[in-house]
Amino acid sequence: MPEWYGPYGGAYVPETLVPALEELATAWTEARRDPGFRREFQRLAHDWGGRPTPLYFAENLSRELGGAQVYLKREDLLHGGAHKFNNALGQGLLARRLGKTRLIAETGAGQHGVATAMVGAKLSLETIVYMGTVDMERQKPNVLRMRLLGATVRPVDQGTRTLKDAINEALRDWITNVRSTHYLLGSAVGPHPFPSMVADFQSVIGREILRQSRALWGGPPDVTIACVGGGSNAIGTFHPLLRTRTQLVGVEAGGDGRRGSLGAASLGRGRPGVLHGMRTYLLQDREGQILPTESVAPGLDYAGVGPEHARLHDSGRVRYTTASDREALRAFHRLARTEGILPALESSHAVAEAIRLAPTLPKTQRIVVTLSGRGDKDLEEVERRGVPR
Ligand SMILES: *Cc1c(COP(=O)(O)O)cnc(C)c1O
């Protein structure tokens, strides 16, 4: 389990958290070798979560695009409506193994908060979710879901009142309550061992893609695309495919596309620095202050990115690009009308890249897009914005 990805990663945390991180790393190393733990994880992922998720041929969309064949990895069909379930379940079981009684989490889109609240209910752990007030406003259905699942949602009114500030508050809580509490971090970010542990839990996505694509056409995809916020659905998709010949593409949020707009493209428009316990690419000013981000997709609205993506970016093994708010919204409507699927606005960024790419490739090529979540949470926002030209 690597702590460093080249110069990225590490564990830049106050001393009070060091024992908890070490305890977690040890517990995880033991648990992943324990057949009992793995059996329990697989049983719940299967019967409660709905794994494996299908690899679905988007026939109508592919025909319209007139190039490569587009397949969707349907994480939107997972319990809770997003890939977040994989990681929340894994860490929840680990927290129980460590004898913790309390889960805390941060959430942006609310999907991770919902996944944590589901796991908290199932494993009888008290659950507290920190959420920026801006995100609470634009993701109301998920706030309601968390509360109905028995979690406490704590509004965060600091800073930009989005994901970054929710993480700060969760870290503060963890420092105070570290003995009783597990911090169930929602993406492949933060101090070691979170990035590699979360990548492990999410790698079920890529393992299934590889198995399913081999069964469907006898090899890996020609191109594999995933959206990148903190980078957990993307790293889970990419990990098992790194050693195959598939081209990997990560799509960051391009924002409103106005000149000088940063969106939330930490890899495309940021530079290395330290935030939330890790060294990675960040959107920051000359003094190292974190810059405000903006995206139509709250789950992508984060100034940092997982440290493994920073290394994959530098090495060139993965190509990182952006899709703008407008492109994502258009992709949302296109998938809705061609395939009868309402994707999450985060996932719509990955779909937008497939829409750009497919017509440039021959019909014999296959593109797999990880559809990280479903769009029910975004309906109000989509309606408010209308159909962009
Ligand atoms: C949270 C979320 C994301 C972004 O998080 P990653 O860690 O980058 O995967 C993407 N899609 C959906 C549906 C989400 O809920």
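The values are calculated or read from the model by the stated rules, or taken from the named source; none is laboratory data. Given the structure is predicted, the values throughout are model-derived calculations rather than measurements. Heads up, the Cβs are rebuilt from the backbone with ideal geometry, glycines too, and the neighbour counts pull from every protein chain shown. Only protein heavy atoms, including side chains, enter the accessible area calculation; ligands, DNA and RNA are left aside. Shrake-Rupley method; radii C 1.70, N 1.55, O 1.52, S 1.80 Å.
All but one of (1) modelled with pLDDT of 95 or more; (2) open to solvent by 10 Å² or more (accessible area, probe 1.4 Å); (3) outside any strand (DSSP E or B) hold for ARG258; which doesn't?
The failed condition is (1).
Output yes when any residue across region 118-134 is assigned to a helix (DSSP H, G or I), within 16 Å of the ligand (Cβ to nearest atom) and modelled with pLDDT under 95, and no when none is.
yes
Restricted to region 218-233, and to residues that are farther than 18 Å from THR53 by Cβ and away from the ligand (no atom under 16 Å from the Cβ), which residue is surrounded by the fewest Cβ atoms within 10 Å (Cβ to Cβ)?
GLY218
Taking into account only those residues within region 285-308 that are more than 12 Å from the ligand (Cβ to nearest atom) and in contact with a Pro (Cβ under 9 Å, 6 or more places away or on another chain), which is farthest from VAL134 (Cα to Cα)?
PRO307
Output yes when any residue across region 182-190 is surrounded by 24 or more Cβ atoms within 10 Å (Cβ to Cβ) and away from the ligand (no atom under 16 Å from the Cβ), and no when none is.
yes
What residue, among those in region 150-172 that are of a type in the set (Lys, Arg) and on the phi < 0 side of the Ramachandran plot, is least open to solvent (accessible area, probe 1.4 Å)?
LYS164
Which condition breaks for GLU383 when tested against (1) in a helix (DSSP H, G or I); (2) within 14 Å of the ligand (Cβ to nearest atom)?
(2)
Give region 283-307 a look and list any residue that's open to solvent by less than 20 Å² (accessible area, probe 1.4 Å) and either at pLDDT below 95 or under 27 Å from LYS377 (Cα atoms) (or both), or say none.
LEU283, SER295, VAL296, ALA297, PRO298, LEU300, ASP301, TYR302, ALA303, GLY304, VAL305, GLY306
With the structure loaded, tell me whether LEU242 is out of contact with any Asp or Glu (no Cβ under 7 Å at 6 or more places or on another chain) and more than 13 Å from the ligand (Cβ to nearest atom) or whether it fails that test.
For LEU242, the condition - out of contact with any Asp or Glu (no Cβ under 7 Å at 6 or more places or on another chain) and more than 13 Å from the ligand (Cβ to nearest atom) - is met.
Could you tell me which of the residues ALA323, ALA354, ALA328 is within 12 Å of the ligand (Cβ to nearest atom) and either without any contact (Cβ under 8 Å) to a residue 60 or more places away in the chain or under 24 Å from ARG74 (Cα atoms) (or both)?
On inspection, the qualifying residue turns out to be ALA328.
If a residue must be in contact with a His (Cβ under 9 Å, 6 or more places away or on another chain) and open to solvent by 10 Å² or more (accessible area, probe 1.4 Å), how many such residues does region 234-255 contain?
Total satisfying the criteria: 0.
Residues GLY113, GLY120: which one is closer than 19 Å to VAL189 by Cα, among the small types (Gly, Ala, Ser) and buried (at least 24 other Cβ atoms within 10 Å of the Cβ)?
When all the criteria are applied, what remains is GLY113.
Return the residues of region 284-326 that are over 16 Å from the mean Cα position of the chain (by Cα), under 20 Å from GLY108 (Cβ atoms) and assigned to a helix (DSSP H, G or I); say none if nothing qualifies.
Hit for region 284-326 is ASP325, nothing else.
Would you please list the contacts, defined by Cβ atoms under 6 Å and residues six or more apart or on different chains, that run from a residue in region 140-156 that is in a helix (DSSP H, G or I) to a residue that is of a type in the set (Val, Ile, Thr)?
ASN142/VAL114; VAL143/VAL153; ARG145/VAL114; MET146/VAL114; MET146/VAL129; MET146/VAL153
Is it the case, given these coordinates, that ARG311 is within 13 Å of the ligand (Cβ to nearest atom) and open to solvent by 10 Å² or more (accessible area, probe 1.4 Å)?
For ARG311, the condition - within 13 Å of the ligand (Cβ to nearest atom) and open to solvent by 10 Å² or more (accessible area, probe 1.4 Å) - is not met.
Being open to solvent by 80 Å² or more (accessible area, probe 1.4 Å), part of a helix (DSSP H, G or I) and either under 23 Å from THR181 (Cβ atoms) or among the hydrophobic types (A, V, I, L, M, F, W, C) (or both) is the filter here, so list the residues in region 25-44 that pass it.
GLU30
So which of GLU22, GLU59 is loosely packed, with under 14 Cβ neighbours inside 10 Å, modelled with pLDDT of 95 or more and under 19 Å from TYR183 (Cα atoms)?
On inspection, the qualifying residue turns out to be GLU22.
How many residues does region 66-108 contain that are within 16 Å of the ligand (Cβ to nearest atom) and in a loop (DSSP other than H, G, I, E, B)?
6
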